[in-house]
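Read the structure below first, then the notes.
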């Protein structure tokens, strides 16, 4: 697909920032199918491998949730041909964190729909403004939305609520970039620290490292939602759980129960690197050699060093 910049110049025949992203080709999807076990996540994926988690399902207005899931699935099918791999990583029981990429607003629906079709009902964080939208806000609350009031100095309260969700046994989906990626080439940009802090504190409270599954969705940026035909290919991948048990060593000695800054930074970058690697696999190209896109400076910066 070739979205690589070279010395500030865009190579001939490759899209510059602001231009539409080329669709994920049928040839690329065929190649991915040879390399991975692709499934259709717009269908229920429950069975011997994934048994529906009835406790979670029954806690979340099952009849209304099913109607909303069916409506979202129909909308997704009308715009995209969705393929997924790595669904076997999502467990049927127990807590986990899904750390998802955020290239477009449409991407939000893909991993959530897939996990619902796997019989799980993760809670998820979304900006508070959405809860006030007609119908949309009501629907999101029915499918597990946790409102996030932005720019109100409530970051700590949001983290505490997320930790509570996990320690009470419910999985959680987080879009750790915090907003749609500003990277002109649509790679995962710098992540907010909250995801890592939530994972480390909740893991300390539970006594084990809560699985963090990086989730990458690619292809939706090419969809024209005013005229989405022919439908575009969209690929979702759930990666293996990120290993961070080493960052929990001596967690009983954390001051006021808060993880050290270096542990938070380390886990944040481990997750981002895994997102970047999986996206490279889907796209069939290498991430920018110059580094990652930093949201604070709106520029490409060298990738932070990591130990793991």
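The values are calculated or read from the model by the stated rules, or taken from the named source; none is laboratory data. Small disclaimer: the values here were computed from a predicted structure and weren't measured. Positions of Cβ are generated from backbone atoms using ideal geometry, with glycine treated the same way; all protein chains shown enter the neighbour counts.
For the reader, a short list of remarks on this structure follows.
- Evaluation of residue 282 against (1) touching a strand residue (DSSP E or B) at 6+ places or on another chain (Cβ under 8 Å); (2) surrounded by fewer than 22 Cβ atoms within 10 Å (Cβ to Cβ) (one fails), failing number: (2)
- Evaluation of residue 130 against (1) at pLDDT below 95; (2) outside any strand (DSSP E or B); (3) touching a strand residue (DSSP E or B) at 6+ places or on another chain (Cβ under 6 Å) (one fails), failing number: (3)
- Cβ-Cβ under 9 Å pairs, at least 6 apart or on other chains, the range 254-274 side free of Cβ contacts under 8 Å to residues at least 12 places away in the same chain, far side surrounded by 13 or more Cβ atoms within 10 Å (Cβ to Cβ) and assigned to a loop (DSSP other than H, G, I, E, B): 260/254; 261/193
- Flag not set for residue 24, criterion: surrounded by 13 or more Cβ atoms within 10 Å (Cβ to Cβ), touching a helix residue (DSSP H, G or I) at 6+ places or on another chain (Cβ under 8 Å) and farther than 24 Å from residue 188 by Cβ.
- Within the range 286-308, the residues that satisfy the criterion of being under 28 Å from residue 28 (Cα atoms) and in contact with a helix residue (DSSP H, G or I) (Cβ under 9 Å, 6 or more places away or on another chain) are 286, 287, 292, 303.
- Breaking point among (1) touching a helix residue (DSSP H, G or I) at 6+ places or on another chain (Cβ under 7 Å); (2) farther than 29 Å from residue 301 by Cα; (3) modelled with pLDDT under 95; (4) buried (at least 21 other Cβ atoms within 10 Å of the Cβ), for residue 203: (3)
- Exactly one residue out of 51, 77 is farther than 17 Å from residue 237 by Cα, modelled with pLDDT of 95 or more and surrounded by 11 or more Cβ atoms within 10 Å (Cβ to Cβ), and it is 77.
- Residues in the range 90-115 that are within 10 Å of the chain's Cα centre (by Cα) and assigned to a loop (DSSP other than H, G, I, E, B) were compared, and the one that is farthest from residue 169 (Cα to Cα) is 103.
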